[in-house]
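This report concerns only the one structure given below.
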Amino acid sequence: MRRILVLLVLLFAVAVFSYVGMLDDFDTAMRLASIEKKEAIIMFSDKNCSYCVKFEKETLADRNVQEILKAGFVFAQIYKSNPGKATFPVQGDSKEYSYSDLYTAFGVRGTPTFWFYTIDGAPLTQLPGYVPASDFIPILRFIGEKAYETVKFDDYRKMPSKYIGTAALVKVNEEDYGFVLAKDPLAREYNGEEFDPFTVWLTKDLATGQQLFERGAFRVLVLN
């Protein structure tokens, strides 16, 4: 009975602290970010990394962090032990890496290490080490607002900001429409259900897509 109770507690903790939008595949994250016109964040992690667990349980559990991530980012946590390959363009050509080699290619020496990518899929910057929510929120806002184009982070952090995300209505082809619906845990095809601004809404009707956008959805994908 004691073991069962411990197991239930652990399962409850996972349910409480897990970020519902988290992915575990590099290529999927990068493609979703490209389709949805979002920035990508790759968290290079390790199964034995206590600070990675701390980040999941504390930083990713923060409501403000979750809202900003849902509104404008695609987030993936990967491990060296991930099966398969990861693809990344190098000098104009796509190159495949094992996940272990990917850590080397991106100079990951410790975990967690976060790599941030632009909407165009270009590496923007990296951030090594555990980050509390109080620091992660201004970092996400700084990148989401593209404030790095005009101001230094230290100066930006002193400025008041309530930024959550930049809304967009994106027209996609049938292949990308199906990919998002299958791979993005935040995505749903709109059928008149309860509205949530942080859901990635998909619709085949432009008028419906425009209505969702006008209601405040941060990301609407319309089949073109």
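Computed over the chain, relative contact order equals 21 percent, with contacts defined as Cα pairs under 8 Å that lie 6+ residues apart. Ordering 35-42, 201-208 by mean Cβ neighbour count within 10 Å, with the highest value first, yields 35-42, 201-208. Computed extension length for SER134-ARG157: 7.2 nm, one decimal, from 0.36 nm per residue of separation with the Cα-Cα distance subtracted.
Each of TYR51 and SER34 was given a label point 7 Å from its Cα along the Cα-to-Cβ line. The distance between the two points is 3.2 nm. Grab the DSSP H runs of the chain that are 4 residues or longer, score each as -39,500 (n - 2.57), total them, divide by all residues and round the 222 nm result to the nearest 500 deg cm²/dmol. It lands at -11000 deg cm²/dmol. Of the residues VAL53, TYR103, TYR117, the one whose Cα sits farthest toward the positive end of the charge dipole of the chain, with +1 on the Cβ of Lys and Arg and -1 on the Cβ of Asp and Glu, is VAL53.
The simple Förster model, with R0 at 25 Å and r as the Cβ-Cβ distance, assigns GLU149 and LEU181 a FRET efficiency of 0.15.
Between the DSSP loop rule and a limit of at most 10 other Cβ atoms within 10 Å, which trypsin sites (Lys or Arg not before Pro) in the stretch 95-144 are left?
Passing sites in the stretch 95-144 are ARG109.
The slack between GLN126 and GLU189, meaning 0.36 nm per residue of separation minus the straight C-alpha distance, is 19.3 nm. Counting beta carbons within 10 Å around each of MET43, MET22, MET159 and listing the fewest first gives the order MET159, MET22, MET43.
If R0 is taken as 35 Å, the Cβ-Cβ distance between GLN211 and ASP93 corresponds to a FRET efficiency of 0.25. Taking 22 Å as the straight-line reach from the Cα of LYS183, the lysines in range (excluding those fewer than 8 positions away in the same chain) are LYS37, LYS38, LYS70, LYS80, LYS85, LYS171, LYS204.
None of the figures in this text is laboratory data; all of them are computed from the coordinates on show. Please read all numbers here as calculations on a predicted model, not as lab measurements. No Cβ is skipped: glycine too gets one built from the backbone with ideal geometry, and neighbour counts run over all protein chains shown.
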